[in-house]
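The values are calculated or read from the model by the stated rules, or taken from the named source; none is laboratory data. This structure is a prediction, so every number in the text was calculated from the model and none was measured. Here the Cβ positions follow ideal geometry from the backbone for every residue, glycine too, while neighbour counts run over all protein chains shown. Accessible surface areas use protein heavy atoms only, side chains included; no ligands, DNA or RNA. Shrake-Rupley method; radii C 1.70, N 1.55, O 1.52, S 1.80 Å.
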Amino acid sequence: MYFSDYFDVQPEVIETYGALNVSLINDLPLFIDPFLLFNSAKDEYQRLHANIIDYLIFLRDQSTTRTIDDGLLKSWYCFHEVEQNWLGFSSVGNKGSGLGLDFARNLNSSLGAIFSSFGREKVTKGSHLEKLCLIKSGIGRDNISDFVTNLIKDFLLSYTQRFAVEFISPTKVKDFVVPRALFRQSTMSWTRGQYKLPAFGNDFVLLTPRDMLTRDENWIARPDMLDRFHEITIALPDDALRSQLEAYLKSILPVKPNRVDYFAAVDKTIQRYPEFIEYYIRSKEESGEKAISISEGKVRTSEEIFIRQVMPFIEWLGELTEFYKKPRSTFDESYARILYLKHVIENNDGYRVFYFQNEPVGSEKDLQLIFRLTWYDTMYDVNSEVNNGRGPVDYKVSNGKRDSTLIEFKLASNSQLKRNLEKQIEIYGKANRTDKFIKVIIYFSEDEYGRVSSILTDLEMSQNPNIVLIDARSDNKVSGSKA
């Protein structure tokens, strides 16, 4: 299930090497933040960041001296997701969309305006790729991460090769020719490389250093910039720019603006005066040490929740239940597995998988990923976030076209829980052509249990067998090791 399991390497060896022990079942929600390369004390990381900037300067210079047709866009701007690192935002497996022509055209059209001063910065200490996602919405952390990962692919391949040669049995290592591994400016083209890498099926696996990873948002990020607009504006050393920003924002705000109105006006103000972006970036550079400590904490939390806590949880499921046996229909398979989850969580130490530092998991996405990580030994097709035009459903478990079951995981604290129970499953069922569904609701306190019970009573669903409540409270459990 994890890199350490498949390649017979102790997790401590991977950690000492500095890499993340990735899952080989599903992407983990982490990605490379280019600021961690820029701000690193490691010369190698700073060279990687400089190479990224050099590539952007190359693209900018080409865009101003020639017409970039679709062929060149595909060659220079379009990249497949580097799925072999098993990191990113895929809810099931490791297949992402990568960077296509829409991204390519967007970046190419922005180069002259956004990156015109690359290498000649007057306000910031350095150049930053993240500018691309600051000027307007639509380019997010996944695009930035995919771009960066492709541009440092040779480093990741070599980093993994060193580990494979030293620590992995030769029977599990193969020679791979990897396309688009290095960019040669002399020929203005990408070239392939050959590497000895850990082999997983017909593909290879990449390791990524933990200290270039983060979760949630990049250190330099558009939501953060909008949130801190006022704070940065009042501290601007440029009096004229400060006055312009304040006056323009005031002129376009409604009389009684709400939160949406305010941020829409801030967005327009920044587009009118993009110089503000330089001062925002400088403020992030000046607090760069926080980026390192915050990212370390996010990676450590993700490792704890999705790796260290899931490992014993899976062992309990296998030892204490028939979770990994093969029942009959998709509904029977799904229902049985959920009841096994419920048993291990409520009657053994399984509830611990949902806690970190005594605080319960606060994201339904995390609940769904934990469930997916346990469901790795099955003959059925398990798809997540299936969307048939009526909104996404957490999981669709299928065995051919005629047998499918929908599963939704919800927190009892979800403010939309009642509406979801009342409306959405019926809509999802019609859209996915199935009447088989299971709704799993997890609660972490007596108050949450009372709220769920009241909602189910109001909706006359208290006895509905398709709704499964799981008690993940920590204050009413006796440790399974003591029971």
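May I ask you to say which residue of D227, D154 is more than 18 Å from the chain's Cα centre (by Cα), of a type in the set (D, E) and within 25 Å of E286 (Cα to Cα)? Outline the logic, then answer.
Working: D154 fails: within 25 Å of E286 (Cα to Cα).
Exactly one of D227, D154 is more than 18 Å from the chain's Cα centre (by Cα), of a type in the set (D, E) and within 25 Å of E286 (Cα to Cα), namely D227.
Do any helices (runs of 4 or more DSSP H) lying entirely in segment 1-41 carry at least 1 residues that are within 24 Å of I370 (Cα to Cα), and which ones are they?
Output list reads 3-6, 11-17.
List the number of the failed condition for P274; all other conditions in (1) free of Cβ contacts under 8 Å to residues at least 60 places away in the same chain; (2) open to solvent by 50 Å² or more (accessible area, probe 1.4 Å) hold.
With (1) free of Cβ contacts under 8 Å to residues at least 60 places away in the same chain; (2) open to solvent by 50 Å² or more (accessible area, probe 1.4 Å) applied to P274, the lone miss is (1).
For segment 172-199, name all the residues that are at pLDDT below 95 and either among the acidic types (D, E) or farther than 13 Å from D154 by Cβ (or both).
Q185, S186, T187, M188, S189
Given the conditions (1) open to solvent by 40 Å² or more (accessible area, probe 1.4 Å); (2) at pLDDT below 70, which single one is not true for Q416?
It fails just one condition, (2).
Of the residues in segment 200-214, how many are in a strand (DSSP E or B) and open to solvent by 10 Å² or more (accessible area, probe 1.4 Å)?
3
If only one of Q185, Q161 is within 27 Å of L73 (Cα to Cα) and either open to solvent by 10 Å² or more (accessible area, probe 1.4 Å) or among the polar types (S, T, N, Q) (or both), which one is it? Before the answer, list the steps.
Details: Q161 fails: within 27 Å of L73 (Cα to Cα).
Going through Q185, Q161 in turn, just one is within 27 Å of L73 (Cα to Cα) and either open to solvent by 10 Å² or more (accessible area, probe 1.4 Å) or among the polar types (S, T, N, Q) (or both): Q185.
Of everything in segment 291-319 that's in contact (Cβ under 8 Å) with a residue 24 or more places away in the chain and of a type in the set (D, E, K, R), which residue is least open to solvent (accessible area, probe 1.4 Å)?
Per the criteria, the residue is E303.
Quickly run through segment 118-141 and pick out the residues that are within 19 Å of L213 (Cα to Cα) and surrounded by fewer than 17 Cβ atoms within 10 Å (Cβ to Cβ).
G140
Keeping to segment 217-237, report how many residues are open to solvent by 60 Å² or more (accessible area, probe 1.4 Å) and more than 30 Å from V299 (Cβ to Cβ).
Here the count works out to 4.
Hey, among E44, E15, which residue is surrounded by fewer than 21 Cβ atoms within 10 Å (Cβ to Cβ) and over 24 Å from I220 (Cα atoms)?
Criteria check complete, one pass: E15.
So in segment 89-117, with the set limited to residues that are surrounded by 13 or more Cβ atoms within 10 Å (Cβ to Cβ), closer than 21 Å to L28 by Cβ and not hydrophobic (A, V, I, L, M, F, W, C), which one is modelled with the highest pLDDT?
Among them, the one singled out is G98.
Among the residues of segment 346-361, write down those that are at pLDDT below 85 and under 11 Å from P312 (Cα atoms).
Hit for segment 346-361 is D349, nothing else.
Does E246 satisfy the criteria of being among the acidic types (D, E) and exposed (fewer than 14 other Cβ atoms within 10 Å of the Cβ)?
Numbers: among the acidic types (D, E): yes; exposed (fewer than 14 other Cβ atoms within 10 Å of the Cβ): no.
Judged against the criteria, E246 is not a match.
For segment 339-375, give me each residue that is open to solvent by 50 Å² or more (accessible area, probe 1.4 Å), among the charged types (D, E, K, R) and within 14 Å of S302 (Cβ to Cβ).
Answer for segment 339-375, where residues must be open to solvent by 50 Å² or more (accessible area, probe 1.4 Å), among the charged types (D, E, K, R) and within 14 Å of S302 (Cβ to Cβ): just K365.
Restricting to segment 320-358, give me the number of residues that are assigned to a helix (DSSP H, G or I) and free of Cβ contacts under 8 Å to residues at least 12 places away in the same chain. Break it down into steps so the answer makes sense when it comes.
Kept after step one, since they are assigned to a helix (DSSP H, G or I), are these residues of segment 320-358: 320, 330-347, 349-354.
Add one more test, that the residue is free of Cβ contacts under 8 Å to residues at least 12 places away in the same chain, and what stays is 332.
Summing the residues that are assigned to a helix (DSSP H, G or I) and free of Cβ contacts under 8 Å to residues at least 12 places away in the same chain in segment 320-358 gives 1.
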